[in-house]
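One structure is given below, encoded as structure tokens.
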Amino acid sequence: MYYPQKKQSIWTILGILALIVIAVWLFVALKSVLTPFVTAAVLAYILNPLTHKLAQKMSRGKAAMLVMLFAFAIIIVLMMIVIPMLINQTQNLIAKIPQLFQWANNTAVPFINRIFHTQYSLDAGTFNQLWGEHNQAVQAALKKLAPSLLKQSGGIMAFVVNLMLLPFLLYYFLLDWQRWIDNIYTLIPLKFKPTVKRIAGNLDEVLGEFLRGQLSVMLIMGVVYGTGLMLTGLDNGFAIGMIAGLLVFVPYLGAFTGLLLATFAALLQFHSIGGLLAVWAVFMVGQFLESFIITPKIVGEKIGLSPLAVIFALTAFGELLGFVGMLLALPLAAMCVVLFREAVAKYHASDWYLNKE
């Protein structure tokens, strides 16, 4: 009786592995179609606790509708604030590039020559010639880009359709989230339910704390950077700060990107070391607050995702699945951490580790 059972268990494992391979293949093949569904699912997971609390005072449908409208109201307000400022800042940056060259030629280069005892110089005539040629090249490229965009109208239409689908998908995910979880739980064999419930609880704790905490950190750091840059007098500083804040889910990318944009903007606007130092001070203070106070306080130390693991997960899943992979990278990485902890605990409790016969 032992060998047939062993053979049956092997075929069961092989069948499960085959289903996983097929599921992964389908996921990769349909990644462009799945983009709005995955986006809605991630948002629904983050917003489900709020929906659950509201559902205790009203129907689940009304609660899901209110949460969906609240989420998209925040997104629309942020877009209405940040995008016009960013466009304006880009236009100002392009218009002031000749002024930046003059500042570098009259202030920065002489300062470097005094410090390092060099004799560098910039040729204004050559720069103006290159800048004129560059402008002509950009205009020619834009003229060629319009027909190309028309040819790509199918992709643009798909993006618009996905964007319009997102609110409806989010609503139905929020509406049926708990029912789907309950239905899945009923399919689990009785002898495995305690183990699955414990592991699922750990997964939910890690994922929930990480995703909701990271979202809070992004918004807080956007306000911190934006307010700080506004206080320095930097034009459109709030837009640059919000961009830096929204990118903090990748370690150091948000601070680096915001610092780079703010440095260029400060050089073009202030033409002085004092204004530049004020901008740098904002990012130094912001990075300190994020690393030592805000992120440890909100996200916590028990997640187990190091900056290196976050960067690798975003890069690897982004390369494999594009935007869908970026959305799923951190949740899947957090799940791997929980499963790894579970495997290590099983190993430490095993007879082989304890040297038992």
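Numbers below:
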| quantity | calculated |
| --- | --- |
| Rounded, prolate or oblate (a/c below 1.5 giving rounded, otherwise prolate when a/b exceeds b/c) for the range 188-345 by Cα gyration tensor | prolate |
| Most to least packed among 275-281, 226-232 [average Cβ atoms within 10 Å] | 226-232, 275-281 |
| Taking GLU205, GLU319 and counting other C-beta atoms within 10 Å, the order from fewest to most | GLU319, GLU205 |
| Fewest-first sequence of TYR225, TYR171, TYR353 by Cβ atoms within 10 Å of each Cβ | TYR353, TYR171, TYR225 |
| Which listed pairs, of LYS193/LYS297; LYS53/LYS346; LYS53/LYS191; LYS191/LYS346; LYS53/LYS197, have C-alpha distances above 29 Å, in listed order | LYS193/LYS297; LYS53/LYS346; LYS53/LYS191 |
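None of the figures in this text is laboratory data; all of them are computed from the coordinates on show. Worth saying up front: this structure is predicted, and the values here are computed from it rather than measured. Note that we place each Cβ from the backbone using ideal geometry, even for glycine, and neighbour counts take in every protein chain shown.
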